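We did not get these values from a lab; they are worked out from the coordinates using the rules stated. The shown structure was predicted, so the numbers you read here are calculated from the model rather than taken from an experiment. Neighbour counts run over all protein chains shown; Cβ positions are idealised from the backbone, glycine included.
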Amino acid sequence: MADKVLKEKRKLLIHSMGEGTINGLLDELLETRVLNQEEMEKVKRENATVMDKAQALLDSVIRKGAPACHICITYICEEDSHLAGTLGFSAGPTSGNHLTTQDSQVVLPSFLVCDNPAMPTSSGSGGSIKLCSLDEAKTIWKEKSTEIYPIMDKSSRTRLALIICNEEFDSLSKRTGAEVDIIGMTTLLQNLGYKVDVKTNLTASEMTTELAAFAHRQEHETSDSTFLVFMSHGIREGICGKKYSEQVPDVLQLNAIFEMLNTRNCRSLKDKPKVIIIQACRGENHGVVWLKDSAGVCRNVSLPTTEELEDDAIKKAHIEKDFIAFCSSTPDNVSWRHPTMGSVFIMRLIEHLQEYAHSCDVEEIFRKVRLWWMLFSLYFPECLVIAIGSIESRYRHVYLPITPFFPKVF
């Protein structure tokens, strides 16, 4: 695994990396959004010597997981052949040849490798959430107390989550595999301390009604946060209701979700984080054709073994105060779903929440999901076109409740 390789080579890298390589790597990590501007400037500003800068840079990359480490190693192999040789990496212009086949398949699961048609392994309801120790929780609270939303006592708080999933439609194709997404997300949210309401096969009007009812639930008064998950076919304008067709514009506008949960319409969630997950297409552009969550016709583009899978381009948007939204695709791009394993976006999201909720805030976890897709498009550009949105923060850090001693939530 790339992070394991980088950890093993960390000491040698610190003593071997030159300032030119460090500066170039910082630019690369900024461009690929592994680091943000503040993190990059901090490495330069707070470290006087080349070795100190190398150490700070490597520690930052390792904390961000395998995809970030893989990007770092790739840059070294392609841009500093002498350093790559010192580290025992095989340098050269062909990305992806610097790790063993086994390492590469850990970072890029086998079902996404073009010459390996193996079925994907769902991370849905079968995984478990990693816990942190009381000491780790206390450290995070001490260091970031001003950035974390207030946390209510576990014994008395009443967290709610809403899942709306449309699988059956009057005119559109059935979203086969959607039931797997429901099970996976329900289990995840329950493990995170939320009571989950699930609504299925609704029109846009019915979705609006359910949203309004959810916004007025009394439990929000004694809750410190909420999750809303929408899974359906979609178009650029919004989420398709079950009656959608070219003649029937049965669409829930995305802005309506935020309007119904804003401070004016949902006072019980004022100053509390609201996390929105949307698994749906937002258009028709794509680089491959598998199954898609789009209301339009699926055009025929050839790609080996693609009939089993679907892709998710990723965009993250923050709308209004205390909102963070994570969508499975950018405007004008499609979102992909596996007919028996569920949506690739949802699978990867669940997997990353299970793996990193004990140590990362929600934005950082979303960034890790996006990095996973960036890495895939970097190594297999012939297989997939991925649209990646920018990040804008309008909220404090959102920590998830994964320890009974110190629930790190919002």
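Below are the figures for this structure:
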read-out	value
Under 17 Å from Lys368, Cα to Cα: lysines that are on another chain or at least 8 residues apart	Lys4, Lys64, Lys130, Lys315, Lys316
Anchor Lys199: lysines whose Cα lies under 22 Å away (excluding residues fewer than 8 positions away in-chain)	Lys174, Lys242, Lys243, Lys274, Lys292
Net charge over other residues, Cβ less than 14 angstrom from the Cβ of Gly85 (K, R count +1; D, E count -1)	-2
Loop-located trypsin sites (Lys or Arg not before Pro) in the stretch 231-269 whose Cβ has at most 12 other Cβ within 10 Å (DSSP)	Arg264
Highest average packing first - 132-140, 154-162, 352-360, Cβ atoms within 10 Å	352-360, 154-162, 132-140
Local net charge near Glu28, Cβ-Cβ under 10 Å (Lys/Arg +1, Asp/Glu -1)	-4
Neighbourhood net charge (13 Å Cβ-Cβ; Lys/Arg +1, Asp/Glu -1) for Val50	0
Low-density loop cleavage sites - trypsin sites (Lys or Arg not before Pro) in the stretch 172-208, where at most 13 other Cβ are within 10 Å (DSSP)	Lys174
